[in-house]
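Student: Mind having a look at this structure? Questions to follow.
The values are calculated or read from the model by the stated rules, or taken from the named source; none is laboratory data. What you see is a predicted model; the values in this text were computed from it and never measured. Please note: Cβ atoms are built from the backbone with ideal geometry, for glycine as well, and neighbour counts cover all protein chains shown. Note: areas computed on protein heavy atoms with side chains; ligands, DNA, RNA excluded. Shrake-Rupley method; radii C 1.70, N 1.55, O 1.52, S 1.80 Å.
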Amino acid sequence: MERERHSKVKFVLDNMKGYKLLYLITLLGAVTYNALQLVVPHFTQRILDEFLIGEQARQNLADHKELLYRLILAMVLLTLLRTTIVYLTCMGTEVVSQRALYRIRTHLFRKIEYQDMKFYGTYRTGDLMTRVTGDLDAIRHMIAWVIRTIVESLALMGAVAIYFFYMDWRLTLCLFAIAPFIFIIVILFRNKVAPRHRELREKMAQMNTAAQENISGNRVVKAFAREDYEIEKFDKCNREYSKTNRKTAMTWLTYFPYVETFANLMPIVLLVVGGIFIIRQEITMGQYVAFSGLIWAIANPMRMLGNIMNEFQRFAAASDKVMEIYYSEPEIVDLPDAIDHPERLKGKIEFKDVSFQYSDGKFPVLHDVNFTVEPGETVAIMGETGCGKTTLIQLIPRFFEPTRGHVYIDGVDVRKYKLHQLRKNIGLATQDVLLYSDTIDSNIAYGDPRIKPEEVEKFARYSAAADFISKMPERYETVVGERGVGLSGGQKQRISLARALAVRPAILILDDTTSAVDMETEKQIQHSLRELDFPCTKIIIAQRISTTKFADKILVIQNGCIAECGTHDELVARGGYYSSLVKLQTGEDEQIRAEVKGAEEVKPVEVKGAEEVKPAEVKGAEEVKPAETKETEGASAVDGKGGEA
């Protein structure tokens, strides 16, 4: 997905909105308490030089004992003050990081929710989950620890350097001569570890995707007894992640001994050079003790450079992925001149010269599609698998935009409507049903949470779901489980249909919604759809003739075009694809008759132990007229997909 480059610093600061001042105060606190690190060594130096080992120590101890007490008291109080500032600073950075994390996660989820279908076809679910969990934690850690640690290290080194230069600049330069070597090692480490963190992040996303897909598809796994295969597949992802994690960790461990070696040279330099200066009486013992007491303040930040750089590269890899979604924009949005149409639509649909091709496809899925649906009409769409039926209906609510041509509703191009208002007028139920892990009542009322319980029951009756719901332990308060795991396919489809009807749509789109229900239930649903208590244009994708025969208009899609259009009787008389499908499903096809006749000629004696069937009985069964079959509503034996009716 194309996106402009955004600064990581700006990204972090933008999400501290309302807390920037607090964060600045915490960083100033970090500078303050690190400057106060000089208190103990400074007072220790004065106590040693003035009251313990100095030339005037005995005299000072006798004459200025109260100064000694004041120095000790000041050292204790300033230490307590430093401890308090440390606590408040840590709490402040944690508050800011958690607020920023909440803000980013909320914005990120909002971005994901408003994306279009192309986005969901590009990004894997496991990858998106990684972005809103592990990647965000890396950003939080950056705000709460990494930035504060950098400020602390710089403040501590700066304060100590000033103090050291004040005491003796020559010894200070000797100690800091080691720093360039450590910086070179850290830069080499950064160049090596950066790609490792990007690779580590990708391996984590792959592992999360494998886990998510396996858990979601657990029924398929068990149906094919593929538990061992899935365990092995996940173990492979886990091993790759673990291997990459080890490589990343070993990268730092490879460079750490060199950093540690140079950092440990500082006490040796102090011992040698400082010892010479003491012998020459160029520094006092108190100054040497002060140098010795604060040398860790130079060595530790240098040791921390590696960890800081490691965490910074982790943040860089994670923030790139988060910012990719954070700053992304959907392609299908409200136009600047979109009309405001809060009223209910009438439901007239027009396709004019509509063609569509997926961005990653080589050939058009639809081309030159033209048809009109009047308000209140029922239009059935049929065709072979992959001919473009579902793509066609997805152009109505603007899940996709036509590559060429226009889709109109009530004479207005759908692109002129505001997306929210357009989709509020469309009820959609698909064959692949998603129910939320909530009550049946909440699932049906999902599109309009304000509807009353009696209305929920009414729409359940429309979809023929009321009977099985009434038999459940808690009726409409029954929790269906994740994705409706506790329900059959037909039950889920009926709840999905009730959910689509509950918004009282001006346009109802059913994508093979009754494929998993029995013929009697389908007949009941068809009757309910004809008797709705609100005006509604219906677009129905179906393969059963029993579903399409009562439609006002039937469209047959072949190779992305409308090959046939008309009523049931008109298309049967025309003798095309639809007519062949009618013959296939009603048993009039000559090939099927031949197969049936061949099956009848099997002699009863060939089936051992079977009861003999009299030829007269079989013959009587053959004499059922096609016209009688046609007049029997919902009597088709095989649907268009070859499934059981």
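Student: Given that just one value was derived from the coordinates, which of [x] 3, 11, 15, 17, 14, 11, 8, 7, 6, 4, 2, 1, 0, 0; [y] 3, 12, 19, 18, 15, 12, 10, 7, 3, 1, 0; [z] 3, 14, 22, 22, 17, 12, 7, 3, 0, 0 is P(r) over Cα pairs in 10 Å bins from 0, in percent?
Tutor: The value computed from this structure is option [x].
Student: Considering the options 114, 526, 437, tell which one lies farthest towards the positive end of the dipole of the chain, charges being +1 on Lys and Arg and -1 on Asp and Glu at the Cβ, about the Cα centre.
Tutor: 114
Student: Which ³J(HN,Hα) values in Hz, rounded to whole numbers, follow from the phi angles of the stretch 551-565 under the Karplus curve 6.51 cos²θ - 1.76 cosθ + 1.60, where θ = phi - 60° and Gly and Pro get x?
Tutor: 5, 5, 8, 10, 10, 10, 9, 9, 6, x, 10, 7, 7, 9, 8
Student: Moving to a separate point now. Per residue of the stretch 11-23, in order, report the coupling 6.51 cos²θ - 1.76 cosθ + 1.60 (Karplus, θ = phi - 60°) as ³J(HN,Hα) in whole Hz, putting x for Gly and Pro.
Tutor: Values, residue by residue: 4, 5, 5, 4, 8, 9, 3, x, 10, 5, 4, 4, 5 Hz.
Student: Sticking with this one: Farthest toward the dipole's positive end in the chain, which of 406, 220, 325, given Cβ charges of +1 (Lys, Arg) and -1 (Asp, Glu) about the Cα centre?
Tutor: The residue sitting most towards the positive pole is 325.
Student: Let me ask another. Over 26 Å between Cα atoms, which of 20/247; 118/346; 10/243; 203/362; 118/203 qualify?
Tutor: Pairs exceeding the cut-off: 20/247; 118/346; 10/243; 203/362.
Student: Follow-up question, since we're still on this one. With n ≥ 4 as the cut-off for DSSP H runs, can you work out [θ] at 222 nm for the chain, using -39500 (n - 2.57) per run divided by the number of residues, rounded to the nearest 500?
Tutor: -18500 deg cm²/dmol
Student: Accessible area per residue, 1.4 Å probe, Å², for the chain: what's the number?
Tutor: With the other protein chains kept in place, the chain gives 54 Å² per residue.
Student: Considering amide H positions built from the backbone, and no H for Pro or chain starts, which residues 5 or more places from residue 438, or on another chain, come under 5 Å of its amide H?
Tutor: The answer is 480, 481.
Student: Let me ask you something else. Run the simple label-point estimate for residue 256 and residue 281 please: 7 Å along Cα→C-beta, distance reported in nm.
Tutor: 4.7
Student: A follow-up question, please. Which order, highest average first, do 40-52, 215-227 follow once you tally other Cβ atoms within 10 Å for each residue and take the mean per peptide?
Tutor: Ranked by mean Cβ neighbours within 10 Å, highest first: 40-52, 215-227.
Student: Continuing with the same structure: Can you tell me what share of the DSSP beta bridges in the chain is antiparallel? A percent to the nearest 5 is fine.
Tutor: Roughly 50 percent of the beta bridges in the chain run antiparallel, per DSSP.
Student: What does the charge dipole of the chain about its Cα centre add up to, to the nearest 20 debye, if the Cβ of each Lys and Arg holds +1 and the Cβ of each Asp and Glu holds -1?
Tutor: For this selection, approximately 3000 debye.
Student: What is the set of long-range amide H partners of residue 558 at a cut-off below 5 Å, with H atoms built 1.01 Å from backbone N?
Tutor: Sorted by chain and number, the residues that satisfy this are 563.
Student: Please list, ordered by chain and number, the residues whose modelled amide H lies under 5 Å from the amide H of residue 511; skip anything fewer than 5 residues away on the same chain.
Tutor: Residues meeting the amide H criterion: 429, 430, 431, 541.
Student: Sort 77-84, 522-529 for me by packing, meaning the mean count of neighbouring Cβ atoms within 10 Å per residue, highest on top.
Tutor: 522-529, 77-84
Student: In whole Hz and in residue order, list the ³J(HN,Hα) couplings for the stretch 161-171 that follow from phi through the Karplus curve 6.51 cos²θ - 1.76 cosθ + 1.60, θ = phi - 60°; x for Gly and Pro.
Tutor: Couplings: 4, 4, 5, 5, 4, 5, 6, 6, 6, 5, 5 Hz.
Student: Could you order the peptides 362-371, 238-247, 155-164, 305-314 from most to least packed, using the average number of other C-beta atoms within 10 Å per residue?
Tutor: Top of the packing list down: 305-314, 155-164, 362-371, 238-247.
Student: I'd like the FRET efficiency for residue 20 and residue 154, computed as 1/(1 + (r/R0)^6) with the beta carbon distance as r and R0 of 22 Å, rounded to 0.05.
Tutor: Computed FRET efficiency for residue 20 and residue 154: 0.65.
Student: Still on this model: What whole-number distance in Å separates the alpha-carbon centres of the stretch 100-139 and the stretch 190-269?
Tutor: 21
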